[in-house]
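Below is one structure, written out as structure tokens; comments come after it.
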Amino acid sequence: MIKITFLPDKKNIKVNEGATILEALESVGININTPCGGKGICGKCKILINKGITTATPIEEELLSGEEIKKGFRLACQTELFKDTIIEIPSEIRLDFKKVFSSNLKGDINRIKNNLSLGTNLKKVFLDLGKPSLDDQRPDWERIKDGLSSKKIENISNLKVAVEILKKIPDVIRKSDFKITVTLQNNEIIDIEKGDTTKNSYGIAFDIGTTTVAGYLVNLKTGEELSAVAKTNPQVVHGDDVISRIGFTQKQKENLEILQKEIVNTLNEIIKETTQRAKINRSNIYETVIVGNTCMHHLFLGLNPSNIAPSPYIPVIKKSLSLKARDIPELVLKPSVNVYMLPNISAFVGADIVAGILSTSMWREDKIILFVDLGTNGEIVLGSRERLWTCSTAAGPAFEGARISAGMRAAEGAIYKVKIDNKFITYKAIKDGKVRGICGSGLIDLIAELVKLGLISKSGKLVDREECNPELSEEIRERIIKGQKGSKFLLVKGKETENRKPIYITQRDIREVQLAKAAIYAGIKILLKEVNISPEDIQKILLAGAFGNFINKESAIRMGLIPQLPLKKVESVGNAAGRGAEIVLLSEKTRKICERISKDIKYVELSSRPDFQEEFIKAMFF
Ligand code: FES
């Protein structure tokens, strides 16, 4: 066995000769970004070997620059270990993304109150049961039923109760002097607690994304959002997109269980953090709502997603599900807590889009609205209350920062805004500290600015210095640098970045973004044809996604991501899916609306459209 040391953590581990660095990292619990799932395609798992340097493999030679190889950079998924080694893990590849944020439910609460009716089917009732005596030998269960009857609770004779609740009854009622709170849902007693806890009634909504998992803790009585936490989906170590995750489940039988465990653990961590922040007891959570894309939905439930990926793209189930926490192994909520999973639409348009349609009110608008959710899959919805159409287009992970040389997610240190004029470049980074990379909205801005200045041609070529508009200042022109693999543009100098490495956008990055934007725009064009309208007929465009709030609408239009519409008609709606999940948590009535949306929407399968390729090629141009 050989000894490996990881810096800056100073973690030591002994591994067998021949293990990869990635395997060693996994065994010490250090998670790094591996967008291609360790297949040696993305070049993102870059670590620095301080001692015990190895000869670069052909894949490393292809994906790393000569200078990087000389300095000791290698790919964690490709380098095998044969001697004692000291390895440094750069901060930008670590998966420590954790965010506390708000979904801004506040503005929606009035809307729910006015239009959708705030109200769940959960009822908490305080009962003073009175003690048993020789004259009153009613069993505990009868005593509770009589108590509920005196509070005018209906249908008592058919009241259901699980054995686990029956087991609790004798102890709870006696330890609380026969003063208890009973929680009822759908004619079932789902909990019994000591004393009066009627004020404590909470629910938690989850949006399980391929990259990020967000949880929102909500007061079910007032509708207030108490706390919200987002975490990286730990499954990203098995690949960035749903296809890699599905591929992982097919490698070994146990892998499906591994993916399910990873996601349930993340939900458990979010439950712990949100309840601690809000200073509430997690045993007072009685309801949870879950949305996500169809693959994440299947993985959370432990359903085999294999048939989602190949044509004809068949999920196991698309209808909504009302489950109990006990149906999900290791979920830390009380076993009787209701777990409501919103319905999906198709293999590639999931419950997150249903939730987005709900929260943006698209389903009842007279206006024709175009909704675009930007992620690894771009989901698009078009229509009005009359009828909605949807499709999903494989945009690739460029907007999530993967396959982009300095790309990263919309997390601390990510550039999310860029402006370039004749002389100056200004940018803004999340939390405004040292810069670590560029996220999707920053990329959209940067490319739109370079197109505006003529530095990127219509076909997407980054022009050479000599080809630049002569009116451009020297400061900007000298940022175009000839590299080994084509030209690149210097966005941030090394002295301004956290790891002191300059940030460039390369010709390859531009191609990746071009592919992503063309996929989205071609999807929009196909839906427009299907609905039989032209871009001018669209009355509003809604942009959603993890970095949705940061998107500069002007840049999105200029780079050809969305149709040209007056700016006031384009709106960023941020995480519409998470907000939709919260609304469903608070308003029982909306579940039926979601079912209807999933049933009535027309799904358009792009792979069966011969005109998609043609639209895609046209949309590649800037
Ligand atoms: Fe190592 Fe992609 S190249 S994870």
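Before moving on, here are some points about what is shown:
- Where a label projected 7 Å from the Cα of Lys599 along Cα→Cβ would reach, residues of the stretch 297-326 with amide N under 19 Å: 317-323
- From the C-alpha gyration tensor of the stretch 425-582, square roots of 5λ in Å: 30, 21, 13
- Per-residue packing, averaged as other Cβ atoms within 10 Å, sorts the ranges 18-27, 377-386 into the order 377-386, 18-27, beginning with the highest.
- Comparing the stretch 1-93 with the 2.2 N^0.38 Å rule of thumb, its C-alpha radius of gyration ratio is 0.96 (two decimals).
- Cys residues of the chain that find no other Cys beta carbon under 4.7 Å: Cys45, Cys77, Cys295, Cys391, Cys439, Cys468, Cys594.
- Separation of alpha-carbon centers, the stretch 218-269 and the stretch 372-402, rounded to whole Å: 21
- Coil-residue GluC sites (Glu not before Pro) of the stretch 547-591, DSSP, other Cβ within 10 Å capped at 12: none
- With θ taken as phi - 60° and the Karplus curve 6.51 cos²θ - 1.76 cosθ + 1.60 applied, the whole-hertz 3J(HN,Hα) list for the stretch 334-350 is 4, x, 8, 5, 6, 10, 9, 9, 5, x, 8, 10, 7, 4, 10, 10, x Hz, x standing for glycine and proline.
- With K and R counted +1 and D and E -1, the other residues having a Cβ less than 12 Å from that of Gln507 yield a net charge of +3.
- Count Lys and Arg as plus one, Asp and Glu as minus one, and take only other residues whose Cβ is under 13 Å from that of Leu321; the net charge is then +2.
- Close amide H partners of Leu491, meaning residues 5 or more places away or on another chain with modelled amide H under 5 Å apart, are Ile503, Tyr504, Ile505.
- Given Lys175/Lys272; Lys367/Lys529; Lys151/Lys272; Lys11/Lys83, the pairs whose alpha carbons are separated by over 23 Å: Lys175/Lys272; Lys151/Lys272
- Relative contact order, whole percent, for the chain stands at 12, derived from Cα pairs under 8 Å and 6 or more residues apart.
- Debye-formula intensities of the stretch 389-472, expressed as log10 I(q)/I(0) at q = 0.10, 0.16, 0.23, 0.26 Å⁻¹, are -0.30, -0.71, -1.09, -1.19 (one equal scatterer per alpha-carbon, no solvent).
- Loop-located GluC sites (Glu not before Pro) in the stretch 232-304 (DSSP state not H, G, I, E or B) with no more than 16 neighbouring Cβ atoms inside 10 Å: Glu254.
- Annotation: the antiparallel percentage among DSSP beta bridges lying fully within the chain is about 70.
- In terms of surrounding Cβ atoms within a 10 Å radius of their Cβ, Tyr216, Tyr340, Tyr286 rank from fewest to most as Tyr340, Tyr286, Tyr216.
- The stretch 349-454: chymotrypsin sites (Phe, Trp or Tyr not before Pro) in DSSP loop, at most 16 other beta carbons within 10 Å: Phe424
- Debye log10 I(q)/I(0) for the chain, one point scatterer per Cα, at q = 0.10 Å⁻¹: -0.93
- Counting charges near Ser306 (Lys, Arg +1; Asp, Glu -1) among other residues having Cβ under 13 Å from its Cβ returns a value of +3.
- Computed over the stretch 508-560, the quotient of the alpha carbon radius of gyration and 2.2 N^0.38 Å is 1.25.
- Estimated D of the stretch 129-244 in µm² per second, where Rh is the Kirkwood radius over Cα pairs and Stokes-Einstein applies at 20 °C, 1.002 mPa s: 123
- Kyte-Doolittle mean at least 0.0, axial Cα span of 24 Å or more - DSSP H helices of the chain: 507-531
- Hydrodynamic radius (Kirkwood) for the stretch 240-310, which is based on Cα pairs only, to one decimal in Å: 13.5
- Semi-axes of the equivalent ellipsoid for the stretch 226-382, Cα gyration tensor, largest first, Å: 25, 23, 15
- log10 of Debye I(q)/I(0), alpha-carbon scatterers only, for the stretch 451-531 at 0.11, 0.21, 0.25, 0.26 Å⁻¹: -0.40, -0.99, -1.19, -1.24
- The stretch 390-432, Cα convex hull volume normalised per residue, Å³: 118
- Partner aspartates and glutamates for Lys14 [C-alpha distance under 18 Å; skip if fewer than 8 residues away on the same chain]: Glu23, Glu26, Glu80, Asp84, Glu88
- Gyration tensor (alpha-carbon) shape descriptor, the stretch 293-399, a/c threshold 1.5: oblate
- Counting only DSSP beta bridges whose two residues both lie in the stretch 446-603, roughly 70 percent are antiparallel.
Coordinate-derived values only; no laboratory data. From a predicted model like this one, the values you see are computed outputs, not experimental measurements. A quick note on method: Cβ atoms are made from the backbone with ideal geometry, for glycine too, and the neighbour counts reach across all protein chains shown.
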